[in-house]
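The structure under discussion appears below in the form of structure tokens.
The values are calculated or read from the model by the stated rules, or taken from the named source; none is laboratory data. Nothing here was measured: the structure is a model prediction, and the numbers come from that model. Heads up, the Cβs are rebuilt from the backbone with ideal geometry, glycines too, and the neighbour counts pull from every protein chain shown. For accessibility, only protein heavy atoms count, side chains too; no ligands or nucleic acids. Shrake-Rupley method; radii C 1.70, N 1.55, O 1.52, S 1.80 Å.
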Amino acid sequence: MSQTFLLKGDVCRPGTVTVEKDMTLRRIVDELGGGMANGKAFKAMQIGGASGGLLTAEQLDLPLDFKALAPYGVRRGDGVITVLDEDRCMVDATYRFLRATQTDFCGKCVSCREGTKRMTELCEKLLDRKADDADVGMLLELGEIVHMTAFCALGKGSSHTLDAAVRAFGGEFQNHIDGHCPLCAKETRPPVEPGDGVAYDEKRVEIDPEKCKGCSRCARSCHAQAISGELKSPFRIDPEKCVKCYTCMELCAFGAIREVRSHG
């Protein structure tokens, strides 16, 4: 079964792509994206938006199978695949994904709302080369707290990119602590911003009654209690309660749940 994604970042042909089942991440970059732009080397790939996960060259031969990629914190999320080349600073990239939590999350969960705000502030301090080891320690600790206490998958995954970036590119974080980042110093390109460019309030999640089998799995997984219905009949989503965490969409075995734009 194929899936549609927005492929963006440092590839030759960014845009909407159709990914066939079991297609590897390497093939997505090389075949669908036309390879890396400007002859630069691949560095990292982020999948799933603000609550998604970061993958490095070591994982390029894995298939885009969310069960296989779950150990890396990867989920479908907003359906965006962001590719970064060798000259992108991962502190900058991490900051931008953390900042996205402030615009893409519902704000109902205190842990997520306040925790990710403080995480973003600390990461901005690090990006500006004004942070020390204690600040980075606090940043990672807050990420763990939010992961453990947030209500939905969006909040729980908000530190996945941060954790992976620190593990794989710790030297770049140390450069920012030391006060000089060679990558930031030579970068003249606009940053790669996360997301699909559609505002949170312009999205909604819907269930297609023609595809829904009434299994209730989506309703049972919805922490916001936004999904209701009767067994063996189409379920429905209350847009006033839905926080757009995409958990239902990822769990639906029938492809009956989709995100649609309210405008445009």
>> Probe of 1.4 angstrom, ligands and nucleic acids ignored: what's the accessible area per residue over the chain, in square angstrom?
In response: 49 Å²
>> Compute the helix-to-body angle for 133-149: its Cα long axis versus the longest principal axis of the chain, expressed 0 to 90° and rounded to tens.
In response: 10 degrees
>> Over 19 Å between Cα atoms: which of 21/67; 21/232; 8/125 fall into that group?
In response: 21/232; 8/125
> Once a ≥ b ≥ c are taken as the square roots of the eigenvalues of the Cα gyration tensor of the range 158-219, is the result rounded (a/c under 1.5), prolate (a/b larger than b/c) or oblate (a/b not larger than b/c)?
Replying inline: prolate
> Which value in deg cm²/dmol, rounded to the nearest 500, describes the helix-derived mean residue ellipticity at 222 nm for the chain, given -39,500 (n - 2.57) per DSSP H run of n ≥ 4 and division by the residue count?
Replying inline: -10000 deg cm²/dmol
>> For Cα pairs less than 8 Å apart in space and 6+ apart in sequence, what is the mean separation divided by the residue count of the range 140-204, i.e. the relative contact order in percent?
In response: 18 percent
> Non-local amide H neighbours of residue 215 (under 5 Å, H modeled in plane, Pro and chain starts lacking H): which ones?
Replying inline: 232
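Can you sort 109, 184, 12 by 1.4 Å-probe accessible area, starting with the largest?
12, 184, 109
What's the FRET efficiency of residue 145 with residue 251 using the Cβ-Cβ distance as r and R₀ = 22 Å, to the nearest 0.05? Provide the component values of the computation, followed by the final result.
Details: r = 26 Å, r/R0 = 1.17.
E between residue 145 and residue 251, to the nearest 0.05, is 0.30.
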> Quick one: what do you get for the range 112-224 if you divide its Cα Rg by 2.2 N^0.38 Å?
Replying inline: 1.40
> For the range 59-164, what relative contact order do you get, as a whole percent, if you take Cα pairs closer than 8 Å and at least 6 residues apart?
Replying inline: 26 percent
> Under 5 Å between amide H atoms, partner at least 5 residues away or on a different chain: which partners does residue 7 have, H built in plane at 1.01 Å?
Replying inline: 15, 16, 17, 81
> What spacing in nm lies between the two simple spin-label points modelled at residue 221 and residue 60, each 7 Å away from Cα in the Cβ direction?
Replying inline: 3.1 nm
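Accessible area of the chain with a 1.4 Å probe: how many percent of it is carbon plus sulfur? All intermediate terms of the calculation are to be shown ahead of the outcome.
Values: 6480 of 13040 Å².
The computed percentage sits at 50.
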> From the Cα gyration tensor of the range 14-55, with a ≥ b ≥ c the square roots of its eigenvalues, which class applies: rounded if a/c is under 1.5, or else prolate if a/b is larger than b/c, or else oblate?
Replying inline: oblate
>> Can you compute the FRET efficiency between residue 87 and residue 135 using 1/(1 + (r/R0)^6), with r the Cβ-Cβ distance and R0 = 25 Å? Round to the nearest 0.05.
In response: 0.50
> Does the chain classify as rounded, prolate or oblate by the C-alpha gyration tensor (a ≥ b ≥ c root eigenvalues; a/c under 1.5 gives rounded; else a/b over b/c gives prolate, otherwise oblate)?
Replying inline: oblate
>> Restricting to DSSP loop positions (anything but H, G, I, E, B) with no more than 16 other Cβ atoms inside 10 Å of their own Cβ, which chymotrypsin sites (Phe, Trp or Tyr not before Pro) remain in the range 226-264?
In response: 254
> Hey, what angle do you get for helix 110-127 against the long axis of the chain, alpha-carbon based, 0 to 90 degrees rounded to 10?
Replying inline: 20 degrees
>> Output the 0 to 90 degree angle, nearest 10, between the alpha-carbon long axis of helix 90-104 and the longest principal axis computed from the alpha carbons of the chain.
In response: 30 degrees
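Rg over Rh of the range 31-131, using C-alpha atoms and the Kirkwood radius, what does it come to? Kindly include the intermediate steps, with their values, before the conclusion.
On the way: Rg = 14.9 Å, Rh = 14.9 Å.
Radius of gyration over Kirkwood radius for the range 31-131 works out to 1.00.
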